[in-house]
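Visitor: Once you've had a glance at the structure underneath, I'll fire off some questions.
The values are calculated or read from the model by the stated rules, or taken from the named source; none is laboratory data. Since the model is a prediction, treat every value here as computed from it, not as a measurement. Here the Cβ positions follow ideal geometry from the backbone for every residue, glycine too, while neighbour counts run over all protein chains shown.
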Amino acid sequence: MKVTDNIYNVGVNDREIDLFEGQYWVENGMSYNSYLVCDEKVAVFDTVDKGFGEEWLGNIAGILGDKTPDYLIVQHMEPDHSANIDKFMDKYPEAKIVSSAKAFVMIKQFFGTDYPERQIVVGEGDTLSLGSRDLTFVTAPMVHWPEVIVTYDSLSKTLFSADGFGKFGTTDADEEWDCEARRYYFGIVGKFGAQVQALLKKASALDIQRICPLHGPVLSENLGHYLGLYDTWSSYKPESEGVMIAYTSVYGNTAHAVDLLAQELEALGCPKVAVSNLARCDMAEAVEDAFRYDRIVLATTTYNGGIFPFMNEFIHHLTERNYQNRTVGIIENGTWAAMAEKNIKKMLENSKNLTFTEAGVHIKSAVSAENAEEIKALAKELMSK
Ligand SMILES: Cc1cc2nc3c(=O)[nH]c(=O)nc-3n(C[C@H](O)[C@H](O)[C@H](O)COP(=O)(O)O)c2cc1C
Ligand SMILES: [Fe+2]
Ligand SMILES: [Fe+2]
């Protein structure tokens with residue numbers, strides 16, 4: 001697939017995969033992109049996932065014909081991109097690997113050799129000339145492994161961004177970029193906001209007209225939109241106004257309180273109320289919504305003195321990703337000794353800049369008339385934020 005003059009995506013679409021990275025449901029599959037840059041010298045950016053080596057090598061040969069690549073640029077060593085390094089090196093014995101020192105350590109761990117005679121080690125700001133263009137390497141540690149580099153091509157003004165600006169779904173999936181890129185971002189990179197900010201700062205010094213990520217479509221129009229979203233996400237700022245309500249309920253009483261709250265919020269004109277039943281929804285989608293909206297309500301049953309397992313898991317996902325800068329309301333339920341609110345606050349005690357609502361909802365088994373008033377007060381307070 002041609003990207004622009006002399007740049008091709010020779011990657012593959014995986015339509016069979018259901019769980020990416022062992023935990024993210026991908027209804028529309030996944031793409032493992034790989035880019036071929038044809039200049040006086042020929043460079044290939046990254047390989048593809050394990051099952052697709054032959055298809056990928058076929059894509060390269062289909063464009064190059066009898067020519068052979070000079071360089072394999074390894075930007076990221078996670079196996080969805082690196083699994084076919086050995087196949088490539090066997091097929092093209094003249095080719096060299098261009099990568100970071102940290103990546104060569106990983107190459108040796110994964111393949112038993114780091115190709116000592118065929119290495120070009122690059123670090124921050126190093127360049128490689130392909131003839132009419134220079135490639136400049138920029139380190140991007142922990143976006144999202146420590147060895148990651150991204151690469152800028154001065155001629156086509158392209159940033160090869162590794163996992164950054166990636167998205168779930170095949171390259172031809174007919175779906176909105178923002179939603180699946182956001183779920184990907186918060187699932188996979190969300191913990192590393194500071195590192196993404198550092199990369200964005202370096203990128204701001206470059207004239208970028210095209211972003212070529214390792215997953216999802218090439219971005220070449222309206223780049224300010226995508227860069228703006230990455231800035232918002234990585235600085236942990238809310239993206240949209242609205243209330244996310246995450247809940248668990250065993251027998252439906254806590255769920256009933258959530259319904260009442262959602263109705264109240266809508267009646268008060270809340271721009272968006274996003275409700276997730278944590279036992280049934282895609283957890284990554286719930287995490288995405290928690291980071292998207294500026295307000296959240298956690299509604300849960302007390303469970304054996306703690307909180308219900310899915311809520312426990314959800315809050316762990318949030319704190320692990322540095323959840324912060326949000327307004328938080330709590331609805332708790334307990335039949336004999338309610339502990340949910342106390343447990344939730346304890347779990348969030350180290351999270352920065354969370355504002356808990358004064359209004360709380362304390363249900364004893366089933367929603368009482370008093371609880372209905374508490375719910376109204378909570379809705380009002382959330383709407384005043
Ligand atoms: C397995 C189980 C364990 C529970 N453990 C507690 C508990 O330790 N303390 C408590 O006050 N309530 C406990 N409850 C009661 C719930 O917190 C809640 O009041 C009840 O399930 C009704 O709410 P629901 O209809 O939303 O499930 C438990 C309920 C279940 C099903
Ligand atoms: Fe990765
Ligand atoms: Fe990846």
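Visitor: Quick check, is Asp90 at pLDDT below 95 and either closer than 24 Å to Lys167 by Cα or surrounded by fewer than 21 Cβ atoms within 10 Å (Cβ to Cβ) (or both)?
Guide: It is false that Asp90 is at pLDDT below 95 and either closer than 24 Å to Lys167 by Cα or surrounded by fewer than 21 Cβ atoms within 10 Å (Cβ to Cβ) (or both).
Visitor: Among the helices (runs of 4 or more DSSP H) confined wholly to region 220-295, which include 2 or more residues that are farther than 24 Å from Val196 by Cβ and not assigned by TED's automatic domain parsing to the domain that holds Val196?
Guide: It comes to 253-267.
Visitor: Does Lys191 satisfy the condition of being among the basic types (Lys, Arg) and within 20 Å of Tyr323 (Cα to Cα)?
Guide: The answer is yes for Lys191.
Visitor: More than 12 Å from ligand 2 (Cβ to nearest atom), farther than 21 Å from His225 by Cα, in contact with a strand residue (DSSP E or B) (Cβ under 7 Å, 6 or more places away or on another chain) and assigned by TED's automatic domain parsing to the domain that holds Glu124, is that true of Thr139?
Guide: yes
Visitor: Taking region 324-373 only, how many residues are surrounded by fewer than 16 Cβ atoms within 10 Å (Cβ to Cβ), among the hydrophobic types (A, V, I, L, M, F, W, C) and within 15 Å of ligand 1 (Cβ to nearest atom)?
Guide: Count: 3.
Visitor: Turning to a different aspect of this structure: Scan region 155-172 and give yes if some residue there is at negative phi, among the small types (Gly, Ala, Ser), surrounded by 16 or more Cβ atoms within 10 Å (Cβ to Cβ) and not in a loop (DSSP other than H, G, I, E, B), otherwise no.
Guide: no
Visitor: Considering region 316-334 alone, what residues qualify as being closer than 20 Å to Glu373 by Cβ and part of a loop (DSSP other than H, G, I, E, B)?
Guide: Across region 316-334, the qualifying residue is only Gly334.
Visitor: If Ser249 satisfies all but one of (1) of a type in the set (Ser, Thr, Tyr); (2) out of contact with any strand residue (DSSP E or B) (no Cβ under 9 Å at 6 or more places or on another chain); (3) within 16 Å of ligand 1 (Cβ to nearest atom), what's the number of the condition it fails?
Guide: (2)
Visitor: Could you tell me which numbered condition Thr357 fails, if it satisfies all but one of (1) touching a residue at least 40 places away in the same chain (Cβ under 8 Å); (2) more than 18 Å from Val250 (Cβ to Cβ); (3) touching a helix residue (DSSP H, G or I) at 6+ places or on another chain (Cβ under 6 Å)?
Guide: The failed condition is (1).
Visitor: Here is a follow-up. Quickly run through region 117-137 and pick out the residues that are touching a Ser or Thr at 6+ places or on another chain (Cβ under 9 Å) and either part of a strand (DSSP E or B) or surrounded by 14 or more Cβ atoms within 10 Å (Cβ to Cβ) (or both).
Guide: Selection gives Gln119, Ile120, Val121, Val122, Asp126, Thr127, Leu128, Arg133, Asp134, Leu135, Thr136, Phe137.
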